[in-house]
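As structure tokens, the structure follows; a few thoughts come after it.
The values are calculated or read from the model by the stated rules, or taken from the named source; none is laboratory data. Note that the coordinates shown come from a computational prediction; the quantities given were computed from them, not determined experimentally. Here Cβ is always computed from backbone atoms with ideal geometry, including for glycine, and neighbour counts include all displayed protein chains. Each accessible area value is taken on the protein alone, full model and side chains, heavy atoms only, with ligands, DNA and RNA left out. Shrake-Rupley method; radii C 1.70, N 1.55, O 1.52, S 1.80 Å.
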Amino acid sequence: MAIQAPATRPANPRFSSGPCAKIPTFSLDLLSDAPLGRSHRAAVGKSKLLAAIETTRDILGIPADYKIGIVPGSDTGAVEMAMWSLLGARKATMVAWESFGSGWVTDVVKQLKIDAEVKTADYGQIVDFADVDFNTDVVFTWNGTTSGVRVPNGDKIPADREGLTICDATSAAFAMDLPWDKLDVTTFSWQKVLGGEAAHGIIVLSPRAVERLENYTPAWPLPKIFRMTKGGKLIDGIFKGETINTPSMLAVEDYLVALEWAKSIGGLKGMIARADANTAVISAFVDAHDWIEFLADDPAIRSNTSVCLKFTDARITDGAVFAKAVAKRLEAEGVALDIGAYRDAPAGLRIWCGSTVETSDIEALMPWLNWAFEAEIAAQ
């Protein structure tokens, strides 16, 4: 017997974890003020880039003495820039609990060949920061995009640490309250919580990070695209909108539009509230159904953006095949796009719940998830 499909569909089926859904009010018309065909070094270009930097500071509450730069290569470029420029002055500790953090481990240990202790946790868990030596330089992700976990707070990062903290916060910024006093280098991209266009990253430097940059020269040559100092001094223009390479002014305009939308809904508090509300819908669904669970068992470390789920029904004979089939059914119906688990992660689903996603769309998706599960069980 055919299983009855739900009557209501999500208005926007885009639940990808990157690039993520555009802001709900998005229209190409909103980008009409982009200075296309103009140099990014012209006054209009510089003013747009500086506005992006300072509005980011305003919304996220980044301290006035922290430097914010727009850099190439998305979040990956920003993290690599930090590691290649700052690591090597002292021992490092690499902390990883999902694929992107594991990638940073590979780069540091195998490419830069830095003396580093590696601490890892399985998908759905995180490393206990009480066991991390913060007198070393510590590299970690705040939110595990592919594992659905996050650092609950910065309480275990000591204020009197001797090392630097380098934090990949790409799925956390604008949806989580980051403790800036505990973070020396923070990176993220526009394509995540704000649904911006890809290819551009943000790097945020504390005064301690700037001091390291100006007093330490790595043993390896630095590509031009990574260089943040000249003659032992910070290239301050990078942090005033004078980007290292040519940015897309269309993407910059898109980011500015998203930032204004963020301000209109209450800034960081409003953004966090939207992500929390989206995740709460899924949490209620999981509580009501015994065949699905969060990948992260501990609620204290569950992400409110990249929500990762696993199927637990005993009738499922091949978890990977089943999860892919469910995702395929939902995509075929046009109700959920790009929600399969990341390729290196355990089998399951990953539903983006960041602030640009409407709660009503998450609510409409849940009955469809139940429908797809039941249909696939019946098809086995």
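List of remarks:
- Pairs, first at negative phi in segment 299-322, second acidic (Asp, Glu) and open to solvent by less than 40 Å² (accessible area, probe 1.4 Å), C-beta under 8 Å, six or more apart: 322/376
- Cross-chain or 6+ apart pairs with Cβ under 7 Å, segment 29-45 first and on the phi < 0 side of the Ramachandran plot, then open to solvent by less than 80 Å² (accessible area, probe 1.4 Å) and β-branched (Val, Ile, Thr): 30/257; 31/257; 35/44; 38/44; 40/243
- Residue match in segment 340-358 (condition: crowded, with 21+ Cβ neighbours inside 10 Å, at positive phi and at pLDDT 95 or above): yes
- Across segment 143-164, the qualifying residues are those that are buried (at least 24 other Cβ atoms within 10 Å of the Cβ) and closer than 25 Å to residue 90 by Cβ, and the one among them that is nearest to the chain's Cα centre (by Cα) is 151.
- Subset of segment 246-274 that is among the hydroxyl-bearing types (Ser, Thr, Tyr) and part of a helix (DSSP H, G or I) - its residue that is farthest from residue 150 (Cα to Cα): 264
- Output for segment 320-370, where each listed residue is among the β-branched types (Val, Ile, Thr), closer than 20 Å to residue 305 by Cα and assigned to a helix (DSSP H, G or I): 359, 362
- The one condition in (1) free of Cβ contacts under 8 Å to residues at least 40 places away in the same chain; (2) open to solvent by 10 Å² or more (accessible area, probe 1.4 Å); (3) in a loop (DSSP other than H, G, I, E, B); (4) in contact with a Ser or Thr (Cβ under 8 Å, 6 or more places away or on another chain) that residue 119 fails to fulfil: (3)
- Residues of segment 275-319 satisfying the condition of being of a type outside the set (A, V, I, L, M, F, W, C) and part of a loop (DSSP other than H, G, I, E, B): 289, 290, 297, 298, 303, 304, 305, 312, 313, 315, 317, 318
- Taking the numbered list (1) open to solvent by 50 Å² or more (accessible area, probe 1.4 Å); (2) under 29 Å from residue 373 (Cβ atoms); (3) in contact (Cβ under 8 Å) with a residue 60 or more places away in the chain in turn, residue 7 passes all entries but (3).
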